[in-house]
């Protein structure tokens, strides 16, 4: 039955529209106006995504340091874009990617609710008072020219202009439709007074917003109807409250494919809007009185009900914020308890889960965090494969001594751990990168996506190389067997140095981090390899090791240095600066293999 | 030529920038990278190795850091050289557009 519900809903809407068109030709004007308005909203949202989606995302990252800043961002971004849905979607994807806190996400949503009231002011204050259609025409023409340009920014700008043009045209159509409609019909006969009116029109407002997926469209409709005298002021107030409830359905639908954080934010949005709406309904009489006082103080005419409705819309959303702000900490606690985070698993992806949207900033941040997760798993497994503990190395003041003391065998099924901790995560990363590479992302973002996928491959190579040398490492490092044990310890020390160096890089603040430090490590490594070969030759010449042990060591030395190189390659890619220009500079400055070989030779090597 | 490969890479970068496939680099971005490289070099110089092997390793790292700093300084000088000249507003208005942009595709910008 539920399978057919959307079809039944669609049939009902189309049937009602056909009936309305049959009853009144003016209804066609109004419906066409709503259609143009909704199309305009879609164009505006897409345009802002193309024009400044990534800018908006970058600003959002910085604007969430405190709750007031997060709320301010919500107000401002929604006022500029006139799309609380766009701001909600970006917030959900940022929260899902772990870039902002739940409290900051809720702050943005609270702010967006207030920002969305600017639409009512624009419609009531400007849209109905000037010949808005006259402005629509040049906007559509300029927008169309820009929309067919190659540059993404110009295309986005064109979509924004067309979006505004369509919205203006839609408002003009609806206004004309209601003006003509008023001549033949009087819908105020359907007005309901008292509690029944409050309940029925609140539900109507919510239903209209769910159907049109836009509280702006509902507000436009009710303000225009109010200005044409087709709805009573009292019932219009109830519709505005209903629109606030209806808008949360859009957020809930959007969160269905999000991870647990996105679901928490959507539930928080629903609670906030429900509490606001219920309080507004309970306090409708004093609120109405307050609106009259404020409107009189602002010089809004006694009969200008459209502007008074805008005052009411702003006032009750402000009241909701005032009510919920002191309860923010409790709301966060409730949401975290109600929608629990899944138990952390080192073998499951943590960041590239759920719907992260198509914003480059969130996609790359989630992937970078997942790479750090894979790198951490790889570092632990490499250490254990060589009878070392990463935490011991990290706390060590003398790594050679820590390594020399690590003689206790660490028993583990390396193959199974590789499958669980490395391979499954690598597969998830490759799949995620492939899915996102199919999106129309900017070229620098695609380059970064490819780099991070390559980093995952390098980490897998690093672990596999250690797998090959594990057997001999077990044999020669679990007891002191003289020179050969010292040689294997030297490999373990080199690997430990590389791993701790990368851990240090991981702990550095992103602003101070540079992947170029890895170049020096890699060059020092090449010399270490040459030194190891000379040492084993000397040991063989003086019969301190057997020829068989020497060949084992030379083979394993190759694996160890392959692992170290792969770890450094991965680190260089993972820890590239987040700033795109700085990342581009690092790509220019880094050295290829020939340049690294042709660099300065140490005194040790020359001797 | 001291930085032949780097110069080649810079040429390829300008081609990508012209095609809208790269992010535009400004001199202040290079200065930021240079500051990080110099800070890293200072950290390395503070290290006092107790064994000859460590000293050799450190020597290599410091030499590489110096080389990277040299490359970054060269890049900075190239970007400064190719940047549009800082003319007074009145002069800039009179200057033909073609003369005002010496860097290949310097206007191209990818978001």
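The values are calculated or read from the model by the stated rules, or taken from the named source; none is laboratory data. The structure displayed is predicted, hence computed values, not measured ones. Note that we place each Cβ from the backbone using ideal geometry, even for glycine, and neighbour counts take in every protein chain shown.
Miscellaneous remarks
- Hits in the stretch B:14-30 (condition: within 10 Å of chain A (Cβ to nearest Cβ), in a helix (DSSP H, G or I) and in contact (Cβ under 8 Å) with a residue 12 or more places away in the chain): B:17, B:30
- Qualifying position, being within 19 Å of residue A:518 (Cα to Cα), in contact with a helix residue (DSSP H, G or I) (Cβ under 6 Å, 6 or more places away or on another chain) and either touching a residue at least 40 places away in the same chain (Cβ under 8 Å) or surrounded by 18 or more Cβ atoms within 10 Å (Cβ to Cβ) (or both), among A:371, A:367, A:386: A:371
Yes/no per residue for (1) modelled with pLDDT of 95 or more; (2) in a helix (DSSP H, G or I):
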residue	(1), (2)
A:391	no, yes
A:397	no, no
A:400	no, yes
A:436	no, yes
A:446	no, yes
A:455	yes, yes
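Yes/no per residue for (1) within 29 Å of the chain's Cα centre (by Cα); (2) at pLDDT 80 or above; (3) over 27 Å from residue A:12 (Cβ atoms):
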site	(1), (2), (3)
A:167	yes, yes, no
A:171	no, no, no
A:178	no, no, no
A:185	no, no, no
A:191	no, no, no
A:199	no, yes, no
A:204	no, yes, no
A:209	yes, yes, no
A:214	yes, no, no
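- Residue satisfying all of: in the stretch A:503-521; surrounded by fewer than 22 Cβ atoms within 10 Å (Cβ to Cβ) and in a helix (DSSP H, G or I); nearest to the other protein chains (Cβ to nearest Cβ) among these: A:512
- Selected residue [under 25 Å from residue A:68 (Cα atoms) and over 32 Å from the mean Cα position of the chain (by Cα)] from A:302, A:280, A:329: A:280
- Look at the stretch B:41-67: where a residue is facing chain A (nearest Cβ under 7 Å) and a partner is outside any helix (DSSP H, G or I) and surrounded by 15 or more Cβ atoms within 10 Å (Cβ to Cβ), sitting 6+ places away or on another chain with Cβ atoms under 7 Å, you get B:56/A:602; B:59/A:602; B:60/A:602; B:63/A:599; B:64/A:599; B:67/A:599.
- Answer residue from the stretch A:535-584, given it is away from chain B (no Cβ under 14 Å), on the phi < 0 side of the Ramachandran plot and outside any helix (DSSP H, G or I) and is surrounded by the most Cβ atoms within 10 Å (Cβ to Cβ) among those: A:545
- Of residues in the stretch A:585-594 being surrounded by fewer than 17 Cβ atoms within 10 Å (Cβ to Cβ) and assigned to a helix (DSSP H, G or I), the one farthest from the other protein chains (Cβ to nearest Cβ): A:593
- Restricting the stretch A:65-87 to residues that are under 17 Å from the mean Cα position of the chain (by Cα) and surrounded by fewer than 24 Cβ atoms within 10 Å (Cβ to Cβ), the residue that is nearest to residue A:219 (Cα to Cα): A:85
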